[in-house]
Amino acid sequence: MIELNFRAMDRNRPAKLYVVLALVVLVAEGTAAYVKLGAVGFSWLTGGTIALLAPLVLLSSRSWSRVGADGITICWGLGHGRTYPWHEIRWIDVRETQAQGSSSYAVRIFLEGGRRRSLPGLYRSDMHPAPDFDEQFQRVVNWWELSTDQTARVRPPKQFRDRLTPTVVGLVVVPVAVVVVVVVALVILPPH
């Protein structure tokens, strides 16, 4: 079979609507920042934003996955990546994450020790549409099925973290944060 390569830079092409919306928001916020902060403040804000975002964009654009005879190799932007041999991979599926009315899908592998790894470069969302996602996922599964014995393929049971969605996390984290702030304000900070 032909080795498969999935590079994030090939899939990180956002839908045109999102690009237009982002540009409109950036121009509006940039104009407001320039008016409020002046030229020097605006320059510092812009430079700081670029300095913080540039490494993230660089790393995400350099991430990739490779599927071949030796197994699945994953690289998140640093180094040469790590190869997981076929005999360590117990299951492959697609994780769906729903948030704010949209869904995103990512291919992930389950390893013999219970760990999970998402495959960079092989995902689909409203912002990053990938019309060939289902076909590419099936090609990865075909490699896995041809490279492993059927008895070695074990579907993992659902765990607590499988039920955690961004909404559920928000519903738990926000009240906890409010309680912590109230406790700090009442107990640690003395009243005046």
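The values are calculated or read from the model by the stated rules, or taken from the named source; none is laboratory data. Bear in mind that the values here come from a model prediction, so they are computed numbers and not experimental data. Please note: Cβ atoms are built from the backbone with ideal geometry, for glycine as well, and neighbour counts cover all protein chains shown. Areas reflect the complete protein model, heavy atoms only, side chains present, ligands, DNA and RNA absent. Shrake-Rupley method; radii C 1.70, N 1.55, O 1.52, S 1.80 Å.
Can you give me the long-range amide H partners of Ile89? Hydrogens built in the peptide plane at 1.01 Å from N, cutoff under 5 Å, separation of 5 or more residues or another chain.
none
With a Förster radius of 22 Å, plug the Cβ-Cβ distance of Glu135 and Leu56 into 1/(1 + (r/R0)^6) and report the FRET value to the nearest 0.05.
0.15
At 1.4 Å probe size, with the rest of the protein present, what percent of the exposed accessible area of the chain is carbon and sulfur atoms?
In the chain, the share of accessible area belonging to carbon and sulfur is 67 percent.
Only helical DSSP H runs with n ≥ 4 go in: add -39500 (n - 2.57) per run for the chain, normalise by residue count and round the 222 nm mean residue ellipticity to 500 deg cm²/dmol.
-15000 deg cm²/dmol
How big is the equivalent ellipsoid of region 1-113 along its three axes, where each semi-axis is √(5λ) from the Cα gyration tensor, reported in whole Å from largest to smallest?
Values: eigenvalues 301, 60, 30 Å².
Equivalent-ellipsoid dimensions as semi-axes: 39, 17, 12 Å.
Place the peptides 85-94, 117-126 in order of packing, highest mean first, counting for every residue the other Cβ atoms within 10 Å and averaging per peptide.
117-126, 85-94
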